[in-house]
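As structure tokens, the structure follows; a few thoughts come after it.
A short reminder: the numbers here are calculations on the coordinates, not readings from a lab. Note that this is a predicted model, so its numbers are computed, not measured. Quick reminder, even Gly has a Cβ in these numbers, built from the backbone with ideal geometry, and neighbours come from all protein chains shown.
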Amino acid sequence: MRMELHILGTSSARPTGRRQVSGSLVQCGDGIMVVDAGEGFQTRYAMQRKRLKSYDKGNTLRASRVHVICLTHGHLDHTWGVLPWMHTMSLDKREHPIMVIGPTSPEVFDALLDKKGIPQSAPSAELARQIKSWQELGATTESLGYAVRWILGDVPANRWLEMGSNGQCVLLDSMPQPDGWKKNRIQPLATLHSVPSCAWMLESKGGAGKFNRLKAAELKLTDQQKAQLSSGIDIQMSDGTPLKASDFRGKDRPATRMVISGDTAEMATGLTSISQTDVLVHESTFIDEAQQWADEFLHSTSTGAARTALACNARHLVLTHFSARLKDAEIPLSEAKDVFGSNEISVSAAMDGDRIIISETGDISHLVWAGDGWTS
């Protein structure tokens, strides 16, 4: 199934003249998922919609199609745009439910369930603190006018709870999926950072190839015959001619995976535990000469991102989340390529406004925003 990622922020910690802080959207057949929404997210989102209207008509990012906001962790450059955007959607008379989901620590998880409140020892960037304050500032179903679910997970233990606006927390049997999604699933992958963190994987189911209706019409098949062939059942025509169902189907559509990390050290266990992904979007805050800073602050270098891509059998690596000190992405791009050597993994460096597309046939393309449209 086709997926399209819109990268709306590629800077780490603070914005620069050319790069804004983290925030992305992924389109799939079921709707749109947002991964992180740092400060100013709704402005960048509106700008990308305007670009599409001008240079790719028919491709839209309607807010009503956004069904879930997936947060990788609680640092403000990844979360500070959530509340104002939710209020804007209320002013725009949104009706469709939305889910906001992210990681927490085992200690906070247990304290919330035991009705003890958020422990004082929890870091200031704890997502539970932010959700509680957002609810107090009107981010509730009653105040916004559309249904909101606030979900927190102890990701390594696969434990999930829902934070109600009345202060009550309810243990869930499993992690919920976005409302109405049938063909795509979201999944958290544990990462390693200074606060509870995870990457998010969007996975679509594979499917049978497109049924050849034209061929069926040329043979003047009945609706019953077409239904049988479409269901994979071979048939025989009235004159005895056999028809194979496989001859009426195009090439099977492959399952598709896209993984988007937030802040993390390299080789995070959640990422390296998956057997394969089509696209890995991985932070590369530092270049190799700053490896000591990456280790100290639990971030990744471009070579660390490349090693992680190798470990999870990624087909394509997208580097993002660059330090504000970095003026040119050619250095991290070159360092990552050196790690791959003759390996067939491809790699690209993201800029704000870029799009990463996985087509229905599995082809991957990186479209670069050029100011007056996108170039490949």
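Numbers below:
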quantity	calculated
Checklist (1) touching a Pro at 6+ places or on another chain (Cβ under 6 Å); (2) within 23 Å of ALA63 (Cα to Cα); (3) among the acidic types (Asp, Glu) applied to GLU142, failing item	(1)
Any hit, the range 286-300, residues being under 30 Å from VAL34 (Cα atoms), surrounded by 19 or more Cβ atoms within 10 Å (Cβ to Cβ), within 21 Å of the chain's Cα centre (by Cα) and among the β-branched types (Val, Ile, Thr)	no
Residue list for the range 20-46, filter: closer than 14 Å to LEU71 by Cβ and part of a helix (DSSP H, G or I)	PHE41
Residue that is surrounded by the fewest Cβ atoms within 10 Å (Cβ to Cβ), among those in the range 72-96 that are in contact with a helix residue (DSSP H, G or I) (Cβ under 6 Å, 6 or more places away or on another chain) and aliphatic (A, V, I, L, M)	LEU83
Sole residue being touching a residue at least 60 places away in the same chain (Cβ under 8 Å) and out of contact with any Gly (no Cβ under 8 Å at 6 or more places or on another chain), chosen from ALA63, ALA13	ALA13
Odd one out for LEU280, checked against (1) within 15 Å of VAL347 (Cβ to Cβ); (2) in contact (Cβ under 8 Å) with a residue 40 or more places away in the chain	(2)
Of residues in the range 176-234 being of a type in the set (Val, Ile, Thr) and in a loop (DSSP other than H, G, I, E, B), the one farthest from ILE98 (Cα to Cα)	THR222
Filtered residues of the range 189-227 (kept if under 24 Å from ALA157 (Cα atoms) and surrounded by fewer than 16 Cβ atoms within 10 Å (Cβ to Cβ))	SER194
